[in-house]
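**Student:** Here it is: the structure, laid out below.
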Amino acid sequence: MKKTANIIFSCLLATTAATAAPADEARALSDTLSLHEVTVTAIKQSADMRTQATALTVIDRQQAERDLVQSPKTAAQLVPNIFLPDYGSRMTSTVYVRGIGTRIDQPAVGLTVDNVPVMTKENYDIDIMDIARIEMLRGPQNTLYGRNTLGGLMNVYTLSPLNYQGTRAVVEGASHGTWRAGASHYSRFNSDLGISISALYASTGGEFTNQYNGKRCDWERLFTARAKVEWRSQDGWYLNNVASVTVSRQGGYPYEWVETGRIAYNDTCFYRRTSVMDGLTLRRDFDSWTLSSITSYQYIDDNMTLDQDFTPHDYFTLTQARREHAITQDFIARSHNKTDGYNWLAGASGFFRRYRMDAPVTFYDYGIDQLIEKNFNDAMSQYHITWDTRSFLLGSHFTSPNWGAALYHESSYHWGQWTLLAGLRLDYEHARLNHHSVTHTGYKILLTATGEMFAHGDIDIDDHGTLNKDFFDVLPHVSITWHPWPGKNHTVFIAASRGSKAGGFNTQMFSDVLQQRLMKMMGIGVQYDIDKMVGYKPEKAWNYELGGHFECWDARVQSDLGLFFMDCRDRQLTVFPPGTTTGRMMTNAGKTHSWGAEFTMAVTPTRLTHLSLSYGFTHATFRQYDDGKVDHSGKRVPYAPMHTLFAEAAQSFKLGGDDNKLITLAADVRAAGDIYWDEANTMRQPFYALMGASITWQQPRYSLQLWGRNLTDTQYKTFYFVSIQHHFLQRGHGRSLGATLRLNF
């Protein structure tokens with residue numbers, strides 16, 4: 001805490017000093033600075049988000065390039081109380097916000113790219129070229145955006161060919177054999193039609209070594225391409241179609257066995273993903289209202305294969321190969337925004353998604369010996385069991401067609417300095433899982449005293465079944481906004497909203513159910529109730545918030561302050577089931593409370609100086625959670641950091657008095673902690689801070705940026721878990737140095 005306070009105090013001192021710039025210079029700049037960046041492509045939100053009753057952080061293009069923001073994961077480092085730990089692979093895109101979040105299945109924060117919702121969190125960790133703007137909204141956004149926005153929403157917008165024309169290219173080299181090269185072209189054929197295309201290739205040799213084979217385990221090869229068509233007519237029509245494809249091949253999973261302090265596993269680990277997305281936005285402006293349609297098709301084909309025990313021993317491996325198709329449709333009608341009087345928004349949305357997944361677990365010699373034979377032989381001393389073969393397969397196959405529909409409405413009334421807003425969403429979702437579990441194996445039972453065969457057991461399991469779940473929810477939202485001084489950009493608000501995160505099925509549990517059934521046939525093991533072990537309910541929470549957005553000194557100082565309290569029920573937690581198991585499951589773990597505060601400030605005393613500070617505090621505890629062994633009430637919720645911090649200072653200098661030729665020096669700190677790793681709060685990552693710096697030489701047609709991350713090579717952990725009573729962790733990235741060349745033609 002003392003270290004955190006010192007950092008914050010130093011940044012505030014720097015901010016105070018910066019705001020003391022001469023008054024005449026401030027007046028001279030008032031006509032050249034962009035005071036309010038307007039996102040004309042936003043469909044459901046006001047153009048000026050800072051007048052709304054929402055906690056938010058906006059990252060513009062200039063900041064995204066200065067801070068090397070190229071994905072939602074890197075953007076989250078700049079935002080208070082949002083935490084996307086970098087561990088495992090691109091599949092593990094876990095988001096924690098204000099104490100809400102889980103490691104597997106449904107995300108707690110939604111993501112849209114150019115207004116199109118990303119349906120699966122496996123697609124959250126994506127690199128995006130030419131980011132124009134990112135909006136990070138905190139607190140439930142379910143009323144307008146639906147499923148899985150309980151903790152907030154990330155809106156990413158890319159450059160528009162109607163607003164920017166030309167060719168851009170980027171080449172980057174960094175530590176650990178990391179390279180990125182990309183190019184994009186923006187053309188405007190006339191005042192109404194623009195087209196853009198972009199492509200990016202990235203690769204890294206990896207930072208962490210698997211000491212079992214001496215090879216880097218976190219290597220990656222990535223290719224992504226996007227095409228955008230944008231059309232705006234003079235009579236009120238607007239069309240935007242964005243198509244993208246991403247291909248990623250990586251190793252990943254550099255998990256260190258705590259017992260040995262080494263990353264050393266003997267079987268292959270990798271993650272492969274191919275995804276395709278196409279989103280079509282249509283809008284028609286009428287005299288007093290606007291009708292919009294957002295349609296998308298999304299496809300993902302991915303394969304995660306793991307040495308799931310992450311040790312040098314032959315326990316077992318897991319493959320999770322999935323193909324998913326999804327279609328979304330959203331119709332939105334809204335009145336033209338009036339500064340006084342009544343405004344409204346109404347919508348209807350729906351989705352259909354279907355995936356097919358194969359998730360076999362293969363047991364090998366050491367796993368059979370330790371997890372099956374040893375348990376039987378310890379329980380039955382007069383008999384000795386021996387498996388027929390030293391490997392066998394637990395097969396699991398799934399198909400899951402899910403669909404949902406919703407109606408929503410939001411009304412607001414402005415009078416004078418006050419705005420009252422109320423919204424409601426009626427949301428229905430149907431989830432279905434067709435499952436097929438199969439194994440064929442056998443064993444011998446010998447008399448311990450003589451070694452003679454007592455019996456032989458054949459195990460032939462071939463089970464089919466279908467599970468169905470229906471979810472219906474009513475999601476209200478109310479807020480009161482006060483603009484205390486007419487003509488000043490100050491907003492104070494109080495808001496209450498109810499959010500929800502979807503329920504579903506624990507597909508990873510089927511191999512455990514099959515394993516326990518196999519062992520039960522031998523007289524040991526735990527009999528699982530499939531309906532109870534495999535299904536879990538939605539997580540729901542009420543969020544209460546008091547906050548404000550403030551500006552002064554001709555908008556050179558912008559600050560945000562917020563206090564929040566979240567009362568969460570049926571909290572979703574990732575746990576390990578009873579018995580000798582190989583997997584993990586989602587469960588609903590009683591109640592949690594989260595309360596905290598957020599503060600951000602950005603100061604631009606001159607066009608050449610930028611200072612910013614972002615700090616978030618969250619205290620998230622279990623109010624009711626007994627796992628059957630221990631009552632964890634009062635303990636901290638795991639994986640969610642108590643503190644998040646980002647602070648930055650950047651100063652530019654003109655070269656030869658030319659406004660278009662600059663050298664910029666920048667330094668920043670990114671920090672998080674404490675993070676508790678388990679429900680009992682016995683393991684934690686203390687507060688840590690990562691220092692970064694850059695120097696950028698900018699010319700009209702190009703810029704060269706030399707940068708460093710984690711310059712002090714701070715040691716910290718990003719992930720911790722337990723599997724078959726073994727403890728594992730992943731270390732955070734160490735020092736990294738690089739250079740980024742950007743070209744503009």
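The values are calculated or read from the model by the stated rules, or taken from the named source; none is laboratory data. What you are looking at is a predicted structure, and each value in this text was computed from that prediction instead of being measured. Here the Cβ is made from the backbone with ideal geometry for all residues, glycine too, and neighbour counts use every protein chain on show.
**Student:** Quick check on my filter: what residues within the range 348-375 are more than 25 Å from Glu324 (Cβ to Cβ) and either touching a Cys at 6+ places or on another chain (Cβ under 8 Å) or crowded, with 20+ Cβ neighbours inside 10 Å (or both)? Quick ask: steps written out before the conclusion?
**Tutor:** So in the range 348-375, the residues more than 25 Å from Glu324 (Cβ to Cβ) come out as 363-375.
Phe363, Gly367, Ile368, Ile372, listed by residue number.
**Student:** Report whether or not Thr582 is β-branched (Val, Ile, Thr), in a strand (DSSP E or B) and either under 30 Å from Val534 (Cβ atoms) or at pLDDT 90 or above (or both). Full working, then the answer.
**Tutor:** Values: β-branched (Val, Ile, Thr): yes; in a strand (DSSP E or B): no; either under 30 Å from Val534 (Cβ atoms) or at pLDDT 90 or above (or both): yes.
For Thr582, the condition - β-branched (Val, Ile, Thr), in a strand (DSSP E or B) and either under 30 Å from Val534 (Cβ atoms) or at pLDDT 90 or above (or both) - is not met.
**Student:** Those residues that are touching a Gly at 6+ places or on another chain (Cβ under 8 Å) and surrounded by fewer than 17 Cβ atoms within 10 Å (Cβ to Cβ), I need them from the range 543-562; list them, please.
**Tutor:** Listed by number, the residues that qualify are Leu546, Leu561.
**Student:** Continuing with the same structure: Being of a type in the set (S, T, N, Q) and out of contact with any Asp or Glu (no Cβ under 6 Å at 6 or more places or on another chain) is the filter here, so list the residues in the range 585-605 that pass it.
**Tutor:** If the condition is that a residue be of a type in the set (S, T, N, Q) and out of contact with any Asp or Glu (no Cβ under 6 Å at 6 or more places or on another chain), then Thr587, Thr592, Ser594, Thr604 are the ones that fit.
**Student:** Would you call Ala597 modelled with pLDDT of 95 or more and aliphatic (A, V, I, L, M)?
**Tutor:** So Ala597 fits the description; yes.
**Student:** Let me ask something else about it. So Ala739 ticks every box in (1) aliphatic (A, V, I, L, M); (2) modelled with pLDDT of 95 or more; (3) more than 25 Å from Ile82 (Cβ to Cβ); (4) touching a His at 6+ places or on another chain (Cβ under 9 Å) but one. Which box is left unticked?
**Tutor:** Looking at each condition in turn, Ala739 falls short on (4).
**Student:** Follow-up question, since we're still on this one. Determine whether Ala379 is more than 30 Å from His483 (Cβ to Cβ), of a type in the set (A, V, I, L, M, F, W, C), touching a residue at least 60 places away in the same chain (Cβ under 8 Å) and surrounded by fewer than 20 Cβ atoms within 10 Å (Cβ to Cβ).
**Tutor:** Answer is yes for this residue.
**Student:** Of all residues in the range 363-387, which are in contact with a Lys or Arg (Cβ under 7 Å, 6 or more places away or on another chain) and acidic (Asp, Glu)?
**Tutor:** Asp365 - this is the single residue of the range 363-387 that is in contact with a Lys or Arg (Cβ under 7 Å, 6 or more places away or on another chain) and acidic (Asp, Glu).
**Student:** Checking Tyr364 against (1) at pLDDT 90 or above; (2) in contact with a His (Cβ under 8 Å, 6 or more places away or on another chain), which test does it fail?
**Tutor:** Every listed condition holds for Tyr364 apart from (2).
**Student:** I've got another one for you. Looking for something buried (at least 20 other Cβ atoms within 10 Å of the Cβ) and of a type in the set (D, E, K, R) - is there at least one such residue anywhere in the range 662-669?
**Tutor:** yes
**Student:** Checking Gln417 against (1) surrounded by fewer than 15 Cβ atoms within 10 Å (Cβ to Cβ); (2) touching a His at 6+ places or on another chain (Cβ under 6 Å); (3) under 24 Å from Val116 (Cα atoms): exactly one of these is not met. Which one?
**Tutor:** The one condition Gln417 does not meet is (3).
**Student:** Go through the range 336-383 and count every residue that is of a type in the set (D, E, K, R) and part of a helix (DSSP H, G or I).
**Tutor:** 5
**Student:** Now for a different question. Determine whether Gln63 is closer than 19 Å to Ala108 by Cβ and not aliphatic (A, V, I, L, M).
**Tutor:** When the stated conditions are applied, Gln63 does not pass them.
**Student:** Looking only at the range 194-224, count how many residues are assigned to a strand (DSSP E or B) and either of a type in the set (D, E, K, R) or crowded, with 19+ Cβ neighbours inside 10 Å (or both). Give the steps one after another, and end with the answer.
**Tutor:** Applying the first criterion (assigned to a strand (DSSP E or B)) to the range 194-224 yields 194-204, 209-210, 215-216, 220-224.
When the remaining residues are screened for being either of a type in the set (D, E, K, R) or crowded, with 19+ Cβ neighbours inside 10 Å (or both), the result is 194, 196, 198, 200, 204, 210, 215-216, 220-222, 224.
Total satisfying the criteria: 12.
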